[in-house]
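The values are calculated or read from the model by the stated rules, or taken from the named source; none is laboratory data. Keep in mind that what you see is a predicted model, and the values were worked out from it rather than measured. Ideal geometry is used to build each Cβ from the backbone, glycine not excepted, and the neighbour counts take in all protein chains shown.
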């Protein structure tokens, strides 16, 4: 097996990869035609496999959005009779219809294989004990990593989310070596290790962490690595593209290899829908190349990233994307400033005096929109000195203002005062009064 | 060295009460206190306790950012000019007081001044050299 899970696929030359993608794209378009949505759309626009003379011709096809998925809920994208499918995953659908993805046996096998390949690239092996700390059920991180780690051959513990003491007990009972969890949970789990007086290096066999499902900064990853004393590898996926196993970091941590034999990726300017120049940040648009029950063509992920230049020393030829720098839809605007929560987080992570938790509250105060940032005063740094705290507050204000070009109000709060972040962290609370809305 | 317990508190109704609840449950007695607030919605509560270590541990356990902070506690006569004589000395010695609070010890006809300063070790040394009556930790905690 050596260094790769699937050497032939992972190390294809550019021309081999292009030929592979072109073949798979034709199959995908031909399959998609079987679905009510794409069938109707292609007919109306006179599109079909005959239009595909080369890979670039994918640009002739219209993009697919989350709204399209919602409007054609639940079966509009299905290419086969429902009884040929064997699983679905869907979003919570807090606004309007949820989005649902169906899988047949081939799709699930293909997905599990991609997750296994991802874990292998990060350094996990069949000899590992893999503890999956995330919600099972509809959330794809649970079953996605479960089947992936099983496919890898690791002993897999479906630990589920929460209950930190039980998680640590499982790690000790079964000698867990690899953990997958969302980053904000790991920083919290560390405090429980501390409380219990358990030394990770001495008392556990942990050797590798996999983090994902929640946007996070490089500083946050570094912090997790420092706390646990082991490497943390970045995982990227989204439920519309199966879930985890879309792009993953290898041992060199030089960005995330996007599995291009299974997905065709484009990066576009979200306003003009035109491709951005190579290496620039834009919205990731993806086409499934190996999914049968519900292929998606040019799906707009809303995730912002860029292709990273150069080759990776690991020898894998699939292009790498940068960590997600934000989403086209989590940006908020205060006093005309476009702000991503990640910008604020990046700054806060440089202050060890404040905890890992923070909350951005957008409020209308005396008719003016204000950005209030609540941060917890860390027990480890508090010295009982008023001046030190005031100085800290002022430095946080200044650094955030320099980054986002808006002066925030920074409020120091007691440790534990902010809501505990269980699932995907909610970092922004918009309490503004929308005039005329 | 003597210690006070300093606690970070948000300036919100009910927050002080939660602190006193913790101390009451642990049967810890407060001998003196001062509460200061910044203009940004938070402040620091300083407590002179009969058992600072136990009090600080209990508050940390309850989730607070609480810390033991070194102080010097000096005795002064309970009469007009009592504080003045002390402060005059501090002033001449160039000592800058960061925070201070006082309480009466009626049965001794005296009062005590709790001093929190930037360079507390130096303050302690100066106080000793000047022959000012300094309370030992045990004397303070048994007030």
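Being surrounded by fewer than 12 Cβ atoms within 10 Å (Cβ to Cβ) and within 14 Å of another protein chain (Cβ to nearest Cβ) is the filter here; which residues of the stretch B:64-107 pass it?
B:96
So for the stretch A:322-336 (the condition being within 14 Å of chain B (Cβ to nearest Cβ), part of a strand (DSSP E or B), buried (at least 18 other Cβ atoms within 10 Å of the Cβ) and modelled with pLDDT under 95), does at least one residue qualify?
no
Just to verify a result, which residue in the stretch A:214-233, among those that are farther than 20 Å from residue A:171 by Cβ and crowded, with 23+ Cβ neighbours inside 10 Å, is nearest to the chain's Cα centre (by Cα)?
A:215
Among the residues of the stretch A:386-419, which ones are more than 8 Å from every other protein chain (Cβ to nearest Cβ) and in a loop (DSSP other than H, G, I, E, B)?
A:405, A:406, A:407, A:408, A:418, A:419
Can residue A:84 be described as surrounded by 13 or more Cβ atoms within 10 Å (Cβ to Cβ), assigned by TED's automatic domain parsing to the domain that holds residue A:245 and within 28 Å of the chain's Cα centre (by Cα)?
For residue A:84, the condition - surrounded by 13 or more Cβ atoms within 10 Å (Cβ to Cβ), assigned by TED's automatic domain parsing to the domain that holds residue A:245 and within 28 Å of the chain's Cα centre (by Cα) - is not met.
Does the stretch B:1-32 hold any residues that are within 25 Å of residue B:74 (Cβ to Cβ), within 13 Å of chain A (Cβ to nearest Cβ) and out of contact with any helix residue (DSSP H, G or I) (no Cβ under 8 Å at 6 or more places or on another chain), and which are they?
B:6
Quick check on my filter: what residues within the stretch A:170-201 are surrounded by fewer than 20 Cβ atoms within 10 Å (Cβ to Cβ) and over 25 Å from residue A:355 (Cβ atoms)?
Correct list: A:170, A:172, A:173, A:174, A:175.
Just checking, does the stretch A:396-405 include any residue being within 24 Å of the chain's Cα centre (by Cα) and over 30 Å from residue A:252 (Cα atoms)?
yes
Restricting the search to the stretch B:126-141, which residues are part of a helix (DSSP H, G or I), touching a strand residue (DSSP E or B) at 6+ places or on another chain (Cβ under 7 Å) and surrounded by fewer than 18 Cβ atoms within 10 Å (Cβ to Cβ)?
B:128, B:137, listed by residue number.
Among the residues that make up the stretch B:51-63, is at least one of them at positive phi and within 13 Å of chain A (Cβ to nearest Cβ)?
yes
Filter the stretch B:39-50 down to the residues that are crowded, with 16+ Cβ neighbours inside 10 Å and at the interface with another protein chain (Cβ under 9 Å from one of its Cβ atoms), then identify the one that is farthest from residue B:115 (Cα to Cα).
B:40
Residue A:64 versus (1) closer than 14 Å to residue A:293 by Cα; (2) within 26 Å of the chain's Cα centre (by Cα): which is the lone unmet condition?
(1)
For the stretch B:10-33, which residues satisfy the criterion of being within 25 Å of residue A:374 (Cα to Cα) and exposed (fewer than 14 other Cβ atoms within 10 Å of the Cβ)?
Those that are within 25 Å of residue A:374 (Cα to Cα) and exposed (fewer than 14 other Cβ atoms within 10 Å of the Cβ): B:12, B:13, B:14, B:17.
Is there a residue in the stretch A:297-311 that is under 30 Å from residue A:12 (Cβ atoms), in a loop (DSSP other than H, G, I, E, B) and within 17 Å of the chain's Cα centre (by Cα)?
Within the stretch A:297-311, one or more residues are under 30 Å from residue A:12 (Cβ atoms), in a loop (DSSP other than H, G, I, E, B) and within 17 Å of the chain's Cα centre (by Cα).
I'm told residue A:317 meets every condition in (1) touching a strand residue (DSSP E or B) at 6+ places or on another chain (Cβ under 8 Å); (2) within 22 Å of residue A:23 (Cα to Cα); (3) in contact (Cβ under 8 Å) with a residue 40 or more places away in the chain except one. Can you identify the failing condition by its number?
Unmet condition: (1).
Let me confirm something: among A:46, A:141, A:76, which residue is within 17 Å of the chain's Cα centre (by Cα) and in the same structural domain as residue A:260 (by TED's automatic domain parsing)?
When all the criteria are applied, what remains is A:141.
Right, residue A:203: out of contact with any strand residue (DSSP E or B) (no Cβ under 9 Å at 6 or more places or on another chain) and free of Cβ contacts under 8 Å to residues at least 24 places away in the same chain or not?
no
Out of curiosity, is residue B:36 at the interface with chain A (Cβ under 9 Å from one of its Cβ atoms), in contact with a strand residue (DSSP E or B) (Cβ under 8 Å, 6 or more places away or on another chain), at pLDDT below 95 and surrounded by 21 or more Cβ atoms within 10 Å (Cβ to Cβ)?
No: the conditions fail for residue B:36.
Within the stretch B:109-125, count every residue that is more than 14 Å from every other protein chain (Cβ to nearest Cβ), surrounded by 17 or more Cβ atoms within 10 Å (Cβ to Cβ) and assigned to a helix (DSSP H, G or I).
Matching residues across the stretch B:109-125 total 2.
Of these, A:345, A:370, A:376, A:363, which one is in a strand (DSSP E or B) and under 27 Å from the mean Cα position of the chain (by Cα)?
Answer to the check: A:376.
Any residue at all in the stretch A:272-290 that is in contact (Cβ under 8 Å) with a residue 60 or more places away in the chain, assigned to a loop (DSSP other than H, G, I, E, B) and touching a helix residue (DSSP H, G or I) at 6+ places or on another chain (Cβ under 9 Å)?
Yes, the stretch A:272-290 has at least one match.
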